[in-house]
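Trainee: Following this message is one structure expressed as structure tokens.
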Amino acid sequence: MALDRAIVRAPSTIANVGPGFDVFGIALEEPSDRIEVRRTSEPGVRVESIVGVGAYAVTLDNTKNTAAVAASKVLSVAGADFGISMRIDKGIRPASGMGSSGASAAGGAYAANLLLERPLDMNMLISCASFGEEASSGSRHADNAAPALMGGFTIIRSNEPMDVMRLDPPKDLGIVACLPEFAVPTREARKRVPKTVPMHDVVHQVGHASSLVAGMATGDMGLIARSLDDVIVEPARAPLVPFLKDAERAAVSAGAFASFLGGSGPCIAAFFDRREADGLVIAKAVQDFYEGHGVECFCWNTTWGAGCERVMQ
Ligand code: HSE
């Protein structure tokens, strides 16, 4: 029987994952957004309420709200004869580099598809969600929405047509995501991306991106560690995140095998082997480092996780 109401959990994600600007993403087990949708007889999508962290920074305007734009796209692609009212509970702070808008866009698209009895496939849902990202950041990148929908580690081969692959990262891959109290809007961070790139940097990046995929596919954490190096985008954005390199060094000194800028920042992501290192120690090292500079920093000690899913309450 068709659903009249559904609640969806949409996970945070780390986009880029080192060398894969706009291509790679990984879903985190926590934090996440929750989106509740109800079928309405009037057409279109109405955002009833937004609560949670950073809710004040998220618009109710259904032409600009990422979840509403993504859900509207799904309704229109599927030719739905009903509308949706939506309540959003933000667990992911906007402008964090942890895929806040991507999670809401993915959750909105996924929830609309549930009410429609799932007519759209994953690539189509990711494409619809990318319109939500565009409403928020001005760019239709899908490297947060893709892992938020599919879970695991995702690779966007092509945006047009959308073609995304998913891999299971190694089961012992731990992830610490640290959020110093700076806000870096993706729209601003994208202005820092270089327009031209020297060929030797392209060669470096392609080599590292390729070996990162091989490391994820074979579960080789040593190879993942050696591959997490971005010589193009992170250096250009580093000035937006005070103490970025020092914070990454603090994570590695505390046991992470690599640390890098999460998405467009300011999230500092650290990967570690859960059999060998303690995520709480890594998190505390980054937190202590920032607090020593008078900056509050909240960290999640987590791992990779599943994509959007229906929850019962
Ligand atoms: N790939 C995007 C960027 C992700 O780096 O701008 C934004 O979180």
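Trainee: Do you know which of the residues in the range 221-233 that are free of Cβ contacts under 8 Å to residues at least 60 places away in the same chain and in contact with a strand residue (DSSP E or B) (Cβ under 7 Å, 6 or more places away or on another chain) is farthest from the ligand (Cβ to nearest atom)?
Mentor: Looking at residues that are free of Cβ contacts under 8 Å to residues at least 60 places away in the same chain and in contact with a strand residue (DSSP E or B) (Cβ under 7 Å, 6 or more places away or on another chain), I get Met221.
Trainee: Quick check on my filter: what residues within the range 37-69 are surrounded by 15 or more Cβ atoms within 10 Å (Cβ to Cβ) and out of contact with any strand residue (DSSP E or B) (no Cβ under 9 Å at 6 or more places or on another chain)?
Mentor: Thr66 - this is the single residue of the range 37-69 that is surrounded by 15 or more Cβ atoms within 10 Å (Cβ to Cβ) and out of contact with any strand residue (DSSP E or B) (no Cβ under 9 Å at 6 or more places or on another chain).
Trainee: Further question: Here are some conditions: (1) among the charged types (D, E, K, R); (2) farther than 18 Å from Phe21 by Cβ; (3) touching a helix residue (DSSP H, G or I) at 6+ places or on another chain (Cβ under 6 Å). Asp229 meets all but one. Which one does it not meet?
Mentor: With respect to (1) among the charged types (D, E, K, R); (2) farther than 18 Å from Phe21 by Cβ; (3) touching a helix residue (DSSP H, G or I) at 6+ places or on another chain (Cβ under 6 Å), Asp229 is out only on (2).
Trainee: Does Ile175 fit the bill of being of a type in the set (Val, Ile, Thr), surrounded by 24 or more Cβ atoms within 10 Å (Cβ to Cβ), more than 12 Å from the ligand (Cβ to nearest atom) and under 22 Å from Val286 (Cβ atoms)?
Mentor: Yes, satisfied.
Trainee: I need every pair where a residue in the range 238-257 that is touching a residue at least 24 places away in the same chain (Cβ under 8 Å) has its Cβ under 7 Å from the Cβ of a residue that is charged (D, E, K, R), sequence separation at least 6 or different chains.
Mentor: Taking only residues 6 or more apart or on different chains, the pairs are Leu240/Arg192; Gly255/Asp278; Phe257/Asp273.
Trainee: Hey, another quick one. Anything in the range 68-100 that is within 16 Å of the ligand (Cβ to nearest atom) and either in contact with a Cys (Cβ under 8 Å, 6 or more places away or on another chain) or at pLDDT 95 or above (or both)? List them, or say none.
Mentor: Ala70, Lys90, Ile92, Ser96, Gly97, Met98, Gly99, Ser100 - these are the residues of the range 68-100 that are within 16 Å of the ligand (Cβ to nearest atom) and either in contact with a Cys (Cβ under 8 Å, 6 or more places away or on another chain) or at pLDDT 95 or above (or both).
So that you can scan it fast, the table gives a plain yes or no per residue for (1) within 30 Å of Gly54 (Cβ to Cβ); (2) free of Cβ contacts under 8 Å to residues at least 60 places away in the same chain; (3) surrounded by fewer than 21 Cβ atoms within 10 Å (Cβ to Cβ); (4) in contact with a helix residue (DSSP H, G or I) (Cβ under 7 Å, 6 or more places away or on another chain):
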position: Asn144; (1), (2), (3), (4): yes, no, no, yes
position: Val193; (1), (2), (3), (4): yes, no, yes, yes
position: Val197; (1), (2), (3), (4): no, yes, yes, no
position: Gly219; (1), (2), (3), (4): no, yes, yes, no
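Trainee: Out of curiosity, is Val184 aliphatic (A, V, I, L, M) and at pLDDT below 95?
Mentor: Against the criterion (aliphatic (A, V, I, L, M) and at pLDDT below 95), Val184 qualifies.
Trainee: If you take the residues in the range 246-268 that are of a type in the set (Ser, Thr, Tyr) and away from the ligand (no atom under 16 Å from the Cβ), which one is nearest to Ser12 (Cα to Cα)?
Mentor: The residue in question is Ser259.
Trainee: For the range 253-277: of the residues being surrounded by fewer than 24 Cβ atoms within 10 Å (Cβ to Cβ) and out of contact with any strand residue (DSSP E or B) (no Cβ under 8 Å at 6 or more places or on another chain), which is farthest from Phe243 (Cα to Cα)?
Mentor: That would be Arg275.
The values are calculated or read from the model by the stated rules, or taken from the named source; none is laboratory data. Owing to the predicted nature of the structure, the values given are computational and were not obtained by experimental measurement. Cβ atoms come from the backbone with ideal geometry, glycine included; neighbour counts cover every protein chain shown.
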